[in-house]
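Comments concern the structure below.
What follows is calculated from the coordinates using simple rules that are stated; it is not laboratory data. Worth saying up front: this structure is predicted, and the values here are computed from it rather than measured. For neighbour counting, all protein chains shown are included, and Cβ atoms are generated from backbone atoms with ideal geometry for every residue, glycine included.
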Amino acid sequence: MYQKLIGQASPGLFVILVDQSGSMVERYDNSTRAEFSALAVNRTIYEIIASCRKGEKVVDRCHLAVIGYGERTELILSGCPSQIENPPHGTMSLMRKVSDGAGGLLDVEMKLGVWVQPKAGNGTPMEAALGLAADLVEAWTRDNPVQSISWPCRLRFGGGSSAPLRLR
């Protein structure tokens, strides 16, 4: 198995695809699927940026792209952590459980950035989203050559006359 730590000398790429189709209006726990998935993506972005902090400064150890697909397939967010650290849609307050140091948990308010807003509509153009993701990965690997990596990834789309996409 190939393993390598990401860092400034060898940055990584994270591509997140978010389903924003009509089915995301359905209830999930105490929210909709769209709200739940947006929260999960926003927490992930927050954690990625937090792990790139060196003191007060954000160090670019990776590139992050978020693709939404539903009514449209679109690039919602793209950039290095220092470019995206300020969320475009402000912040939201959440309660988070943290250790009290004595074996218990305390509820503490947390401010979470909002990079992705909940959306739901139309069909599920996953093929277009995967095609955009493949194009992003291909462009990123071209711009960020890494020695001695073989990409064992090959994307194929079935049905119709769509040609297979290959990552090189």
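Observations, loosely collected:
- Peptides ranked, highest mean first, by Cβ atoms within 10 Å: ranges 10-20, 85-95: 10-20, 85-95
- Annotation: lysines with alpha-carbon distance below 23 angstrom to Lys97 (same-chain offsets under eight excluded): Lys111.
- Highest-first packing order for the peptide set 37-43, 103-109, 123-129 is 37-43, 123-129, 103-109, based on the mean count of other beta carbon atoms within 10 Å.
- FRET efficiency for Ser31 and Thr91, using Cβ-Cβ distance with R0 set to 22 Å, rounded to 0.05: 0.80
- Residues Trp115, Trp140 in ascending order of nearby Cβ atoms (within 10 Å, fewest first): Trp140, Trp115.
- Between Leu106 and Thr141, full extension at 0.36 nm per residue minus the direct alpha carbon distance yields a gain of 8.3 nm.
- When the charge dipole of region 12-166 is built from unit charges on Cβ atoms (+1 for Lys and Arg, -1 for Asp and Glu) and taken about the Cα centre, the candidate among Val116, Gln20, Ala128 whose Cα reaches farthest toward its positive end is Ala128.
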